[in-house]
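Here the structure comes first, spelled out in structure tokens, and everything after it is commentary.
Values quoted throughout were computed directly from the atomic coordinates according to the rules given, and no laboratory measurement underlies them. Since the model is a prediction, treat every value here as computed from it, not as a measurement.
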Amino acid sequence: QVQLVESGGGLVQAGGSLRLSCEVSGSIFSIRDMEWHRQAPGKQRELVATITKDGSTKYADSVKGRFTCSRDNAENTVQLQMNSLKPEDTAVYYCKANVIETLLLPASNIWGRGAQVTVSS
């Protein structure tokens, strides 16, 4: 069983910072790309950031220059450093990992349960 757990969400004032972390646990052969998504009330889920196995990153235009995604050396966690937060960043943030559990199975996407980020004005 592979599981993703997000942490680090909370309430922050506009202009402040938060750091989200996503930990992957379970028996895994390889973790490939990881992503952060967010969903605000009444809106579609949005891809915020991606990071490949070797650390290459890509960001949505709405967060570029403010958010930074990274992975640890063991590649079992991914972080999202969020700076200069705006009220528009308020959403539930979800971590997703594309994983290969065993070579007998195709890669699959595993989602975390989400972490609330609220930015007040």
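The value of relative contact order for the chain, using C-alpha pairs under 8 Å at least six residues apart, is 36 percent.
Scattering from region 21-72 was approximated by placing one identical point on each alpha carbon and applying the Debye formula without solvent; log10 I(q)/I(0) at 0.16, 0.28 1/Å stands at -0.54, -1.17. Using the alpha carbons alone, the radius of gyration of region 81-121 stands to its Kirkwood radius in an Rg to Rh ratio of 1.23.
Normalised by residue number, the volume inside the convex hull of the Cα atoms of the chain is 97 Å³ per residue.
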